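Read through the structure below, which is laid out as structure tokens, and then see the notes.
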Amino acid sequence: TSPKIKVDFDQTTGVAVMHMQSPPVNSLSLDFLTEFCISLEKLEMDKGCRGLIITSNQPKVFSAGLDILEMYGKSPEHCGEFWKVVQEMWLKLYGSNMVTIAAISGSSPAGGCLLSMTCDYRIMADNPRYTIGLNETQLGIVAPFWFKETMVNTVGHRNTEVALQLGLLYKPAEALKIGLVDQLVPEDQVFTVATQTMTKWLTIPEHARQITKSMMRNPTIDKLRTNREADIQNFVSFITKESIQKSLRMYMEMLKQRKA
Ligand code: CO8
């Protein structure tokens, strides 16, 4: 199978780019996330790599979030294995020593939004057809505490309270207004601006910036680190409930109908 992520690393600038290329919509499957974690770990261990830009090679979509098929009709063991790698992706990226920038070139619902928020800075294509947000409640599921805290850390308590209950998907202009993204740029400039922004971030003394970042993020990271097993158990018992499976099935049918 072809790689789901293409990694370009430029030794001279110290900046790596991860191009997500898992058709059709970069959904975060078990295989995708495993590959993501391995690539990320390699870059993290390379002392010459100081910055990471994450973007999508798929048109119109950054990432459709967690692959629903990994959570539907699967055994508890499979769901547990899947959830573990979701946790792993978040732990690695939220705690990364690198400067991380999301170049959001399309829609970014649910897990796609989480992936974006886990970066240090977000630049989104200014196209009103794209949306971003944690829409879990619309699927009848509940965003786990560390999704919630990542959002609180990004847009504050009140915005999160409304966004999560209603499962809001924001257009770029609204996302900018609440601080869910940091900058909107014309569609064809997302990557260029991400590169320019990276250059600016990399001028800050590295060690001071890294300590500052972990000071901001470690309380949330530690909470998941010390509760990983319980969080997996929670997820598995929730997602395998018959009523939740039914909600997922209805949501998938809705996706298909919307298309027709
Ligand atoms: N997982 C699996 N398949 C998906 C997903 C997904 N997340 N998203 C889309 N697909 C499939 C579609 O069903 C469709 O399949 P097919 O071609 O067989 O009909 C194909 O991908 C293409 O999708 P679209 O035709 O919809 O493509 P568009 O370009 O029109 O739209 C969007 C792209 C906007 C990304 C749209 O597909 C969309 O809205 N997708 C759903 C996004 C979503 O709601 N994701 C939620 C996932 S749940 C999550 O991430 C967090 C879960 C936390 C769990 C906590 C429990 C305790």
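Odds and ends about this structure:
- Under a 5 Å amide H cut-off, with hydrogens placed 1.01 Å from N, V99 pairs with G51, L52 among residues at least 5 apart or on other chains.
- Helix-only [θ]222 nm of the chain, DSSP H runs n ≥ 4, -39500 (n - 2.57) each, per residue, nearest 500: -16000 deg cm²/dmol
- Options P76, M45, T55, ranked by Cα towards positive dipole end of region 1-143, top entry (Cβ charges): T55
- Using the Karplus relation 6.51 cos²θ - 1.76 cosθ + 1.60 with θ = phi - 60°, the per-residue 3J(HN,Hα) values for region 61-69 come to 10, 7, 7, 7, x, 4, 6, 4, 5 Hz, with x marking Gly and Pro.
- Using alpha-carbon coordinates, inclination of helix 206-225 to the longest axis of the chain, degrees: 10 degrees
- Computed from Cα positions, the angle between helix 30-45 and the longest principal axis of the chain comes to roughly 20 degrees.
- About its Cα centre, region 122-173 has a charge dipole of approximately 120 debye under the convention of +1 per Lys or Arg Cβ and -1 per Asp or Glu Cβ, with nothing else charged.
- Magnitude of the charge dipole, region 75-134, Cβ model with Lys/Arg +1 and Asp/Glu -1, debye to 20: 140 debye
- Between Q189 and T13, the distance separating the two model label sites (each 7 Å from Cα on the Cα→Cβ line) works out to 1.7 nm.
- Pairs of Lys residues in region 5-201 are counted when their Cα atoms are under 17 angstrom apart and they lie 8 or more places apart or on different chains; the count is 6.
- Evaluated at q = 0.12, 0.19 Å⁻¹, a Debye calculation over the C-alpha positions of region 5-201 (equal weights, vacuum) places log10 I(q)/I(0) at -0.54, -1.43.
- Residue with peak Gaussian network fluctuation, the chain [Cα springs, cutoff 10 Å], from T13, T197, T212: T212
- Most positive-pole-ward Cα, Q183, P205, N159, against dipole of region 150-260 from beta carbon charges: N159
- Integer Hz, Karplus 6.51/-1.76/1.60 couplings in order for region 153-159, x for Gly and Pro: 5, 9, 10, x, 5, 5, 4
- Angle of helix 228-239 to the longest C-alpha principal axis of the chain, folded into 0 to 90 degrees and rounded to 10: 40°.
- Charge dipole (the chain, unit charges on Cβ, about Cα centre) - positive-most of Y251, F147, M216: Y251
- Within the chain: Cβ-based charge dipole about Cα centre, in debye rounded to nearest 20 (Lys, Arg +1; Asp, Glu -1): 420 debye
- When the chain is treated as a Gaussian network with alpha carbon springs shorter than 10 Å, the biggest mean-square fluctuation among G167, G133, G14 belongs to G14.
- Exposed-loop-free span, longest in the chain, where trypsin sites (Lys or Arg not before Pro) count as exposed if DSSP calls them loop and at most 15 other C-beta atoms lie within 10 Å: 130-240
- Förster-model FRET efficiency, 35 Å R0, S214 and M254, C-beta, rounded to 0.05: 0.30
- Most mobile of S22, S116, S108 in a GNM of the chain (Cα contacts under 10 Å): S22
Laboratory data are not the source of any read-out in this text; all were calculated from the coordinates shown. The structure displayed is predicted, hence computed values, not measured ones. Don't worry about glycine lacking a Cβ; one is built from the backbone with ideal geometry, like all the others, and counts go over all protein chains shown.
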